[in-house]
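Below is one structure; the comments refer to it alone.
The values are calculated or read from the model by the stated rules, or taken from the named source; none is laboratory data. All values reported here derive from a predicted model rather than from experimental measurement. Neighbour counts are summed over all protein chains in view; Cβ atoms, including those assigned to glycine, are modelled from backbone coordinates with ideal geometry.
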Amino acid sequence: MIKIEINGQIVEAHEGDMLIDVADEAKIPIPRFCYHKKLSIAANCRMCLVEVEGAPKALPACATPVTDGMKVHTRSPKARAAQKAVMEFLLINHPLDCPICDQGGECELQDVAFEYGNDVGKYSEAKRVVPDHDVGPLIATDMTRCIHCTRCVRFGQEISGLMELGAVGRSEWMEITTYVGKSITSEISGNIIDLCPVGALTSKPFRFKARAWEMVAHPSIAAHDSLGSHIEVHTYQDKVMRVVPRDNEAINETWLSDRDRFAYEGINSQDRLTVPLAKSKGQWDEQEWEDALNQTVELLKPHLNNPDTVGVLVSPNATVEELYLLRKLLHAHGVKDIETRLRQIDFRLDEAAGKPVAPGLVNTLPEIEAMESVLLVGSNLRYEIPLLNLRVRKAQLEGARVRVLNVADYPFTFDLEDKVIADPQALVDTLKVLVRAAAELKGTEIPAGAEDAVVSEQHQAWAKDLVESGKATIMVGAMAQQSPLYADFVLWSARLADLTGATINVVPQSANEVGAYQVGAVPANGGNIDSMLASDKKAWIVVGIDPELDTVYGARLKQALDQADTVISLTAYDSEYLRSVSDIMLPIAVHTETAGTFVNATGDWQSFKIASAAPGDAKPLWKILRVLGNLLDMDGFDYVHADEVLEEAKAQTQSLGSVQGDLAIPARTCDKPVVLGEWSLYSVDPIVRRSEPLQKAAGAARPVVRSAIEADEIVLNTPAGPITLPNEYDESVAPGVVLVPMGLSETADVTLTDVSVAAS
Amino acid sequence: MASIPLNECCYRLNHLDKSWDIETYMANGGYEVWKKVLAGELTPQEIIDEVKASNIRGRGGAGFPTGLKWSFMNRYAPGPKYILCNSDEGEPGTFKDRDILRYNPHQLVEGMMIAGYVIGANTGYNYIRGEFWEPYKRFDQAVQQAYEAGLLGKNILGSGWDFDLYTHLGAGAYICGEETALIESIEGKKGQPRFKPPFPASFGLYGRPTTINNTETLASIPMILAKGGKWFADLGVPGAGGTKIFSVSGHVEKPGNYEIRMGTPFKDLLALAGGVWKGRKLKAVIPGGSSTAVLPAEKALEMNMDYDSIAKAGSFLGAGSVIIMDETTDMVKALDRLTWFYYEESCGQCTPCREGTGWMHRVVHRIYTGKGRPEDIDMLKDVSGKIMGRVICGLGDAAAIPVASFLEHFEHEFRHYIEHGCSIYDRA
């Protein structure tokens, strides 16, 4: 440690730290625009000029390393003169249109100008005007306001890995713009809204909706992937106006994915169910809650006598409290078939372990960032968990080797060391070869099943790197999890991890997927959604999903719901489909409208409070379940506060199997061509699918099949008959693989347990 | 006027037929030094010592001692290193390097080879101004001839030393003459200066140790080594050795390049250029290129053409670009043109320069077009003062210095414009 003096105050610092960081640490304010702790140093705005004794000129604090005994003045006449001069220059061409600017009230330029600006400008010439370009549905541009700090440009270059913005032109005509005519497509593009210190880049969906000072900021947890990013929900008159990130180095750092940022538009969607509805004689009637709940109990009661005939399908985005109460309510009546794994078709792992085997990250995100070798197995990580992808990108930029086993050559935002693009069976076979290569390297016995594997130099290099890297991990992603060979992917990955000393991370996808396992929202009786659909259920309870879109069981599930005597829907949204199959529809609150808890991918229990009001009569699900418990005359349903439910849930977590290589599973093969489901960035859950800006963005699903088959159309057999979809010839897809976009009405009948290519 | 020795170094072959051809160059001692270096007869340290003894200072404008610059590089550090030549000659009034490229390119090639050898660089780039198409072709032809003669490439003349030389044509931006902007430009990026430190000697082209020298500096090296550092030093004055090429332009009878010895009186240089044209009197001189301070005639006529003497007169030798203005020159119009240049050429990266150059130009232009206001003079002084010393590179200062110096010496002309809406020479 060294000592420096800032404004007469002695401050300790590490030699070579930048002055601005040292001052920030000591809470000594230095104005700045281009500096950002997560971005490289540009030193172009010149706002942070300070006086350093012995230096002839004022120096930029952001780019001046501290040395022992350095004496700094941030408010001396020389420093102030420099700061005021820069402020004056920044303002001469700035439009000063604060009254009509969305950044007003939370504008760094406004704040700094308040202290360092002059009352009256001396500049009386014409101001610069910069034409705007439409850069897509998420970000509004007013480039006349730009002060050229280049934070947005550096974000693309350094953080997102897509350099979609750049500076063109010189002098006063220098402009920040996209590449000719292009829009911004990054899955984390919204962060440039936060980074922009002025109103040049603002949120398009939020535009002109509310002023910063009119809103209430509620700390909360993001609900659209398994990281549980820390967010602030900003509400105006109890309605969600926007979502922004909260700093949390362990999870989202200072970033947020576009999905978590803009999904809220789906919360305010016009098709929210606002009142309980009951069907009588084919007619839907609005109900008072009391009547609706009584009817629900009446509908349910007869089936509870025969609990095996009741099936419950729940969103893995439901809270711990909601899932726990569902389990408590239904287990007490013998109903065990509560399922949140709506997109899994291979359950051999659970069968082998004798209990549910949960996915999860065994490494923290900072640990993943520090990996030296990463093997991605069946994962389009960038579109699955955008901010986890950032961590892997950071590792790669620091020199880590990233290799992938994938069914398609997905465009990653970092360089791959090597890749194998093949159908699932071939990928599993590759894992076996890697296991054999690793066993040979370690001189241990070759595990059964890998005896026939033929090791090439390529495989040896992969295995060697995993063995020799001090920090190595194997990450199993969504494609593997949703494939017919999930168990094989996990087991062979686990065996490879055991042999090489790498960690194994099976990446959870949904906000509370891990929590659902822990509180028992997966069947405890060895069952699963597949076996549930195979049995003859008389009653279904459907919670928080669009059943025709949120599973991979398509027509099979639709037929099961059609054939059941009773379907009870607890839903945030009204839909024609739900009306067509349900007997009663109860309006529930979404995550911003309830207190709750998500367990994230790394196993952190993260609670949040109510941020916004549920529309109309919609109620938090945990409160509905509480009353249903009372109506069913059950004990232990007298909670006053959600915290009480949480305490109980924590104390009663379910015993789970772990990911182990020594499990034995029955062999399964996978015929070609194999049809696999693909969830686009913005088709993953009911809220996201209803966010209009996201549906207009680059990551939205298109009703097009992708394959390396040369055909204009592909016909898929489903239990409801053949459907024809346009085919996009795509050489990046492995031969023998057909990728079908899921979560779309066009593919709602596709049933991944019962699908084949009929013709192309 | 006593006879003034001319063209003793970089232009020594310019009078010859096909002076740019390798045969001409070799017939006049060309590449002899390079062969000695490769044969091990001159060690890198001996070369640096000789260059230091020559007292040569960087000819690109900043005047940094070349030998000292070379000594910053660790020749034996592992990994690639680069030697770059800055032929992006863009300063208004400067055209000396163009004639080296056109008429004596091989001496520059040899200088780059030697410099690369000294600093341990196996690769060199000559970055040539975008508008210099003919000089570009001449230099590139010289490089090809050197390759054909086995003087460039792998294992040159069996020495075990490799050196590849590339010619890079710029795209017409003044700022790319700034050494770190030049580096960015070679890397394929937008040409804008980097914040320093780190300096190129530690983090240069592609993040590797790099030395950048001006064309004239590098072209002088073979002569320094052939004739000795002392010979070169003795041509000049204490503290600044050698000859210097002065590009004389403006209101003279014979504008052109004159390679003369450092310390030659300005009066003699003016006489060489045929004196002020049309028999008029001298009014002012910009001695070192448009970014150096303008001097009124009486100060200019007392100075000698070397760093110290010009500094004493209140300006800077810069790149040796002497702009002569006769007694009819409208200084407001001249400054209007100069401020336009810097406004146009600011890279736009940092705030004071991006915003301030346009501001200064608009105010000067307003004065020139008869719409000046009394407060404009103070505002110009204020704005130019606010830019100086607060920017990443030298361009901001380069833009501010003309404004400050024109107002220092010729404020009355600006006042006349503001009061009468016209030049002091207009008898409206």
| note | Taking region A:445-485 and keeping only residues that are aliphatic (A, V, I, L, M), free of Cβ contacts under 8 Å to residues at least 60 places away in the same chain and within 30 Å of A:P386 (Cβ to Cβ), one is left with A:A461, A:A463
| For residues in region B:372-385 being more than 10 Å from chain A (Cβ to nearest Cβ) and part of a loop (DSSP other than H, G, I, E, B), which is surrounded by the fewest Cβ atoms within 10 Å (Cβ to Cβ)? | B:P374
| request: Would you check if B:A334 is at pLDDT 95 or above, of a type in the set (A, V, I, L, M, F, W, C) and touching a Cys at 6+ places or on another chain (Cβ under 7 Å)? | output: no
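In region A:1-11, what residues are surrounded by 16 or more Cβ atoms within 10 Å (Cβ to Cβ) and on the phi < 0 side of the Ramachandran plot?
First pass over region A:1-11, keeping only residues surrounded by 16 or more Cβ atoms within 10 Å (Cβ to Cβ): A:2, A:4, A:6-7, A:11.
Residues satisfying the conditions are A:I2, A:I4, A:I6, A:V11.
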| note | A careful count of residues in region B:296-324 that are surrounded by fewer than 24 Cβ atoms within 10 Å (Cβ to Cβ) and not polar (S, T, N, Q) gives 15
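Listed here are the residues, each with its yes/no results for (1) at negative phi; (2) touching a residue at least 40 places away in the same chain (Cβ under 8 Å); (3) assigned by the TED database to the domain that holds A:L561; (4) assigned to a strand (DSSP E or B).
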site: A:R261; (1), (2), (3), (4): yes, yes, no, no
site: A:S269; (1), (2), (3), (4): yes, yes, no, no
site: A:D285; (1), (2), (3), (4): yes, no, yes, yes
site: A:E290; (1), (2), (3), (4): yes, no, yes, no
site: A:N294; (1), (2), (3), (4): yes, yes, yes, no
site: A:V297; (1), (2), (3), (4): yes, yes, yes, no
| field | Any helices (runs of 4 or more DSSP H) falling wholly within region B:180-286 and containing at least 1 residues that are aromatic (F, W, Y) | value | B:229-235, B:266-272
| remark: Over region A:59-80, the set of residues more than 11 Å from every other protein chain (Cβ to nearest Cβ), in contact with a strand residue (DSSP E or B) (Cβ under 6 Å, 6 or more places away or on another chain) and not basic (K, R) is A:A61, A:V66, A:D68, A:M70, A:V72, A:H73, A:T74, A:S76, A:A79
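Name the one entry in B:Y166, B:Y258, B:Y174 that is assigned by the TED database to the domain that holds B:G120, among the aromatic types (F, W, Y) and within 19 Å of the chain's Cα centre (by Cα).
Values: B:Y166 fails: within 19 Å of the chain's Cα centre (by Cα); B:Y258 fails: assigned by the TED database to the domain that holds B:G120.
None of the other options fit; the residue is B:Y174.
With of a type outside the set (S, T, Y) and closer than 30 Å to A:L381 by Cβ as the only criterion, which of A:L96, A:L109, A:L162 stands out? Even if it seems obvious, please write down each step before you answer.
Working: A:L96 fails: closer than 30 Å to A:L381 by Cβ; A:L109 fails: closer than 30 Å to A:L381 by Cβ.
Answer to the selection: A:L162.
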| task | Run down A:V455, A:V392 and say which single residue is aliphatic (A, V, I, L, M) and assigned to a helix (DSSP H, G or I). | result | A:V392
| task | Give the residue, chosen from B:M325, B:M305, B:M331, that is under 26 Å from B:G279 (Cβ atoms) and touching a His at 6+ places or on another chain (Cβ under 7 Å). | result | B:M325
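Looking at B:T210, B:T243, which is the one that is under 28 Å from B:Y342 (Cβ atoms) and touching a residue at least 12 places away in the same chain (Cβ under 8 Å)? Don't jump to the end; show me each part of the working.
On the way: B:T243 fails: under 28 Å from B:Y342 (Cβ atoms).
Only one candidate passes the filter, namely B:T210.
Across region A:169-207, which residue is nearest to the other protein chains (Cβ to nearest Cβ) among those that are under 23 Å from B:C176 (Cβ atoms) and hydroxyl-bearing (S, T, Y)? Lay out the reasoning, then the answer.
The first filter runs over region A:169-207 and keeps only residues under 23 Å from B:C176 (Cβ atoms), leaving A:169-177, A:179-180.
Applying the additional criterion that residues be hydroxyl-bearing (S, T, Y) yields A:171, A:177, A:179.
Working: A:S171: 4, A:T177: 12, A:Y179: 13 Å.
Filtering region A:169-207 for residues that are under 23 Å from B:C176 (Cβ atoms) and hydroxyl-bearing (S, T, Y), the one nearest to the other protein chains (Cβ to nearest Cβ) comes out as A:S171.
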| field | Unique residue being buried (at least 24 other Cβ atoms within 10 Å of the Cβ) and either more than 26 Å from A:L694 (Cα to Cα) or touching a Ser or Thr at 6+ places or on another chain (Cβ under 8 Å) (or both) when the list is A:G399, A:G378 | value | A:G378
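Considering only residues that are touching a Gly at 6+ places or on another chain (Cβ under 8 Å) and of a type outside the set (A, V, I, L, M, F, W, C), which ones fall in region B:160-178? It would help to see each step written out before you state the result.
Going through region B:160-178, the residues touching a Gly at 6+ places or on another chain (Cβ under 8 Å) turn out to be B:162-166, B:169-178.
Selection gives B:D162, B:D164, B:Y166, B:G170, B:G172, B:Y174, B:G177, B:E178.
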| query | Among strands (runs of 3 or more DSSP E) lying entirely in region A:657-760, which contain 3 or more residues that are within 23 Å of A:D423 (Cβ to Cβ) and among the β-branched types (V, I, T)? | reply | A:713-718, A:737-741
| query | Do any residues in region A:311-328 that are more than 24 Å from A:D530 (Cβ to Cβ) have Cβ atoms under 8 Å from those of residues that are among the basic types (K, R), where the two are at least six apart or on different chains, and which pairs are they? | reply | A:L325/A:R626
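If I ask for residues that are polar (S, T, N, Q) and at the interface with chain A (Cβ under 8 Å from one of its Cβ atoms), which ones from region B:323-371 would you list?
Taking region B:323-371 and keeping what is polar (S, T, N, Q), we get B:328-329, B:339, B:346, B:349, B:351, B:357, B:369.
Within region B:323-371, B:S346, B:Q349, B:T351, B:T357 qualify.
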| remark: Selection from region B:19-51 of residues under 25 Å from the mean Cα position of the chain (by Cα) and either outside any helix (DSSP H, G or I) or modelled with pLDDT under 95 (or both) yields B:S19, B:W20, B:D21, B:G30, B:Y31
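Here is a yes/no grid of residues against (1) under 16 Å from A:A200 (Cα atoms); (2) facing another protein chain (nearest Cβ under 10 Å); (3) part of a helix (DSSP H, G or I):
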residue: A:A82; (1), (2), (3): no, yes, yes
residue: A:F89; (1), (2), (3): no, yes, yes
residue: A:D102; (1), (2), (3): yes, no, no
residue: A:D111; (1), (2), (3): yes, no, yes
residue: A:P131; (1), (2), (3): yes, no, no
residue: A:D134; (1), (2), (3): yes, no, no
residue: A:C149; (1), (2), (3): yes, yes, no
residue: A:I159; (1), (2), (3): no, no, yes
residue: A:A167; (1), (2), (3): yes, yes, no
| task | Could you check how many residues of region B:310-329 are free of Cβ contacts under 8 Å to residues at least 60 places away in the same chain and not in a loop (DSSP other than H, G, I, E, B)? | result | 4
| note | Here the qualifying pairs (Cβ atoms under 7 Å; residues six or more apart or on different chains; first in region A:651-672 and under 30 Å from A:A708 (Cβ atoms); second aliphatic (A, V, I, L, M) and surrounded by 15 or more Cβ atoms within 10 Å (Cβ to Cβ)) come out as A:I665/A:L349; A:I665/A:A352; A:I665/A:A487; A:I665/A:L491; A:R668/A:L485; A:C670/A:L485
| task | Determine which single condition A:E53 fails, assuming it passes every other condition in (1) free of Cβ contacts under 8 Å to residues at least 40 places away in the same chain; (2) within 12 Å of chain B (Cβ to nearest Cβ); (3) charged (D, E, K, R). | result | (2)
| task | Select from region A:12-30 the residues that are away from chain B (no Cβ under 12 Å) and assigned to a loop (DSSP other than H, G, I, E, B) and write down the one among them that is surrounded by the most Cβ atoms within 10 Å (Cβ to Cβ). | result | A:I30
| Search result, residues across region A:581-607 that are aromatic (F, W, Y) and surrounded by fewer than 24 Cβ atoms within 10 Å (Cβ to Cβ) | A:W605
| Residue that is farthest from the chain's Cα centre (by Cα), among those in region A:101-127 that are surrounded by fewer than 18 Cβ atoms within 10 Å (Cβ to Cβ) and closer than 29 Å to A:V180 by Cβ | A:A126
| task | Might you let me know whether region B:393-414 holds any residue that is facing chain A (nearest Cβ under 8 Å) and crowded, with 23+ Cβ neighbours inside 10 Å? | result | no
